[in-house]
1. Just name the residue that is least open to solvent (accessible area, probe 1.4 Å) out of those in the range 200-241 that are out of contact with any strand residue (DSSP E or B) (no Cβ under 6 Å at 6 or more places or on another chain) and among the charged types (D, E, K, R).
2. Kindly check whether there is at least one residue in the range 555-573 that is more than 27 Å from Ser473 (Cβ to Cβ), open to solvent by 40 Å² or more (accessible area, probe 1.4 Å) and among the β-branched types (Val, Ile, Thr).
3. Please go through (1) within 22 Å of Pro317 (Cβ to Cβ); (2) open to solvent by 10 Å² or more (accessible area, probe 1.4 Å); (3) in contact (Cβ under 8 Å) with a residue 12 or more places away in the chain for Thr197 and return the number of the only condition it doesn't satisfy.
4. So, in the range 331-364, of the ones that are open to solvent by 10 Å² or more (accessible area, probe 1.4 Å) and either within 16 Å of the ligand (Cβ to nearest atom) or among the small types (Gly, Ala, Ser) (or both), which residue ends up nearest to Ala682 (Cα to Cα)?
5. Is it true that some residue in the range 469-478 is within 16 Å of the ligand (Cβ to nearest atom), open to solvent by 10 Å² or more (accessible area, probe 1.4 Å) and of a type in the set (S, T, N, Q)?
6. So Leu576 fits all but one of (1) surrounded by 14 or more Cβ atoms within 10 Å (Cβ to Cβ); (2) under 22 Å from Arg493 (Cβ atoms); (3) over 24 Å from the mean Cα position of the chain (by Cα); what number is the exception?
7. Among Asp404, Asp342, which is without any contact (Cβ under 8 Å) to a residue 12 or more places away in the chain and of a type in the set (Asp, Glu)?
Amino acid sequence: MLERLWQLTELQFRPDEQHHHETLFTIGNGYLGTRGAFEEGYPGETPATLVHGIYNHAPDTLVPELVNAPNWLVLKIWVDGTPFGIVQSTENHMRPPQGVIFGYERTLDMRRALLRREALFRAQSGAIVRVQFERFASLADVHVMAQRVRVTAVEGNPTIEVESVIDADVSNQGVRHWRSDATTIADGDTTGVEVTTAQSNYVLGMASRLLCDGAVESIDDERRPASRTRFSLSREQTATLTKLTTVYTSRDVPNSPLEAARAKLDEATELGWDLLFSAHEAEWAEYWDTADIQISGDDEVQRALRFTTYHYLIAAPRFDERVSIGAKTLSGLGYKGHVFWDTELFIVPPLVLSQPQLARNLLMYRYHNLPGARNKARANGYEGAMYPWESTDTGEETTPQWSDPGADGTRIRIWTGDNEQHISTDIAYAVWLYWRWTGDDEFLRRYGAEIILDTAVFWGSRVEKAGDRYEISQQIGPDEYHENVDNSVFVNRMVVWHLETALWLVDYLHQHAPDDARRLVDTLDLTPDRLTHWRDVADKMYIPFDEERQIHVQFPGFFDLEYVPVPDYTPRTTSLHAILGHHRIAQTQVIKQADVVMLMALLGDELGPREVLLNNWHTYYPRTDHGSSLSPAVHAWVAAWLGLTDVAYEMLYHAVHIDLHDNKGNVGQGIHAAACGCVWQAVVFGFCGLQIENGELKTQPNLPKHWTEVSFRVYYQGQLREFTVRNPEAVPLSQ
Ligand code: IFM
């Protein structure tokens with residue numbers, strides 16, 4: 001196994017990339033995520049630790065957001081009194097005022113979920129030290145984080161001071177979510193804080209211990225308790241210090257989270273770095289055993305694919321079914337930690353096939369939040385369950401109604417919370433996909449069916465009768481450049497899928513789980529009239545289609561809009577939305593992201609004959625801006641499946657590097673989670689053509705010319721199955 005294909009390495013600290021790289025080098029364990037800021041800090045840094053489920057609504061913000069937790073990373077080092085670290089000068093290059101860093105390397109070992117950093121540092125005294133840091137957030141015990149620092153005297157006999165801090169003086173880019181009163185502990189090598197969110201009243205307790213050979217004294221600071229030690233090194237001598245940190249919240253324990261964190265800290269101290277790390281490594285080996293895809297013939301995409309897989313794995317809750325993955329995972333403050341359809345259609349599918357338990361947890365989050373979805377339906381005058389476009393801990397709609405002010409101070413009305421209603425069907429689709437692949441009847445009967453059926457109840461009440469057909473007005477499909485359109489083909493066709501699936505499911509339950517069928521018929525009021533209505537809607541829904549061109553029409557009137565040749569705007573570094581403006585783009589045929597193409601990804605051949613699907617592709621692909629990171633991977637998937645391998649590879653290459661190359665310029669705000677999940681689907685469903693046919697798995701590969709082989713493992717009906725698809729005519733890339 002080539003280790004370099006498991007590693008992301010940075011050989012130079014570049015101030016202009018610091019926020020981007022803080023995101024890339026995030027570590028996490030499905031309970032929390034911590035951005036790759038440095039232990040000693042640097043000017044302009046945006047450190048953040050985000051714990052699933054800890055949201056708060058500050059008075060000066062429009063909507064609740066995931067709260068930045070106390071910073072557990074802080075380890076300050078002085079070498080003969082010179083502070084170790086990088087200081088950014090006003091000329092925007094690195095100029096430490098007193099010491100010099102002259103060797104630097106940082107590596108994220110994705111296989112072991114371990115972040116390492118090493119630097120050579122010359123202090124003002126002339127002493128030179130090598131400083132090596134390591135950190136991980138344990139996957140074996142998600143409440144434990146560990147750091148190790150080794151300081152080696154390379155030149156001279158320096159005196160070293162190390163200060164370990166928990167910094168509870170944190171905010172979300174200036175927005176304060178924690179109450180000002182905090183409980184702190186500063187007790188020799190042990191420090192701790194307990195803080196409470198101001199509006200939502202979540203309590204978080206964090207405890208740390210600095211383990212080293214020498215004496216440790218504590219410094220009690222109201223919000224930054226610290227432990228400090230001091231020692232001398234002779235030439236070539238190395239000192240190793242370990243900092244262990246534990247965290248609990250009131251979501252985990254009924255009483256004091258700080259007490260729980262302290263008890264866990266004692267347990268972790270007993271184990272020490274080596275045992276903690278080997279347990280963590282073993283859990284990761286198990287994760288990768290099923291999550292990894294091996295590609296021969298393309299090292300670049302291989303490594304990038306591991307990077308995208310790593311990022312959704314570190315965000316996926318392991319033991320908690322009341323939280324879900326936000327659009328930016330736990331790696332940044334973008335989209336305020338809110339959960340979108342990104343989770344169900346982009347991240348859940350790879351988890352269904354590789355880690356079904358994690359997929360189940362995410363679907364259970366939607367089950368537990370059915371009350372919020374019912375509230376939304378009722379508030380809008382509908383029946384059943386209408387899921388929020390953006391969701392947090394309560395399951396209520398949390399999409400802001402207005403954008404932040406632009407440069408000219410104007411704000412734009414955000415309509416997605418009102419009208420991007422397809423999310424209810426997206427969730428139903430994910431439940432269905434989970435059941436088809438896992439055969440988890442218990443989940444379907446007890447939880448999943450209720451989601452599919454009550455969202456069907458919503459659609460039954462939402463559709464509009466127009467003459468002898470049904471229509472749906474005022475929708476936003478995936479293409480958010482065209483808001484509030486009537487009869488989005490994506491929405492209408494997916495609603496047909498939804499109602500047909502619901503009808504099938506009612507029959508299935510009657511046959512295989514009559515008690516559950518009766519319970520659901522009663523509680524959801526699934527009367528014969530309602531089911532007849534669903535059948536009628538599914539049969540008579542208006543599906544916009546151009547008979548002459550043999551294509552699906554994104555929505556009636558779409559082709560009357562101004563045609564803008566999107567390819568003529570290549571190359572460009574910004575979206576056409578930014579170039580043309582919000583109002584102008586809505587008047588054009590420029591599409592933000594896969595819309596009809598998304599429909600093809602979800603329904604495949606059910607949507608129509610291949611000829612129509614190819615026509616759709618050739619119509620919509622050249623009109624698509626890929627203004628959303630969700631777009632390229634869906635295009636890669638569909639193009640590969642249609643046998644358009646060259647363009648499929650181009651799209652995959654783009655998609656898999658969205659975060660690594662920061663194509664969108666906003667990775668500092670967090671990882672594009674949906675793109676990460678969808679590249680897995682592009683490779684497995686698209687290039688390898690994996691599908692279920694008559695209850696059997698089969699592959700129908702269309703590999704890029706230079707890929708010689710792709711291997712992966714998936715669970716199907718509880719059995720782990722291994723696939724290798726080969727390309728005997730592969731033409732290797734010249735190195
Ligand atoms: O859910 C997406 C949407 O499809 C496009 N805008 C960003 C959202 C969050 O990723």
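The values are calculated or read from the model by the stated rules, or taken from the named source; none is laboratory data. No experiment lies behind these values; they were computed from the predicted model shown. Here the Cβ is made from the backbone with ideal geometry for all residues, glycine too, and neighbour counts use every protein chain on show. Side chains included, ligands, DNA and RNA excluded: accessible areas come from the protein's heavy atoms. Shrake-Rupley method; radii C 1.70, N 1.55, O 1.52, S 1.80 Å.
1. Result: Arg223.
2. Yes, the range 555-573 contains at least one residue that is more than 27 Å from Ser473 (Cβ to Cβ), open to solvent by 40 Å² or more (accessible area, probe 1.4 Å) and among the β-branched types (Val, Ile, Thr).
3. Every listed condition holds for Thr197 apart from (2).
4. Selected residue: Asp342.
5. Within the range 469-478, not a single residue is within 16 Å of the ligand (Cβ to nearest atom), open to solvent by 10 Å² or more (accessible area, probe 1.4 Å) and of a type in the set (S, T, N, Q).
6. So the condition that Leu576 fails would be (2).
7. Result of the check over Asp404, Asp342: Asp404.
Quick grid of which residues meet (1) open to solvent by 10 Å² or more (accessible area, probe 1.4 Å); (2) closer than 24 Å to Tyr312 by Cα; (3) within 16 Å of the ligand (Cβ to nearest atom):
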{"site": "His618", "(1), (2), (3)": "yes, no, no"}
{"site": "Arg623", "(1), (2), (3)": "yes, no, no"}
{"site": "Tyr653", "(1), (2), (3)": "yes, yes, no"}
{"site": "Asp659", "(1), (2), (3)": "no, yes, yes"}
{"site": "Val679", "(1), (2), (3)": "no, yes, yes"}
{"site": "Ala682", "(1), (2), (3)": "no, yes, no"}
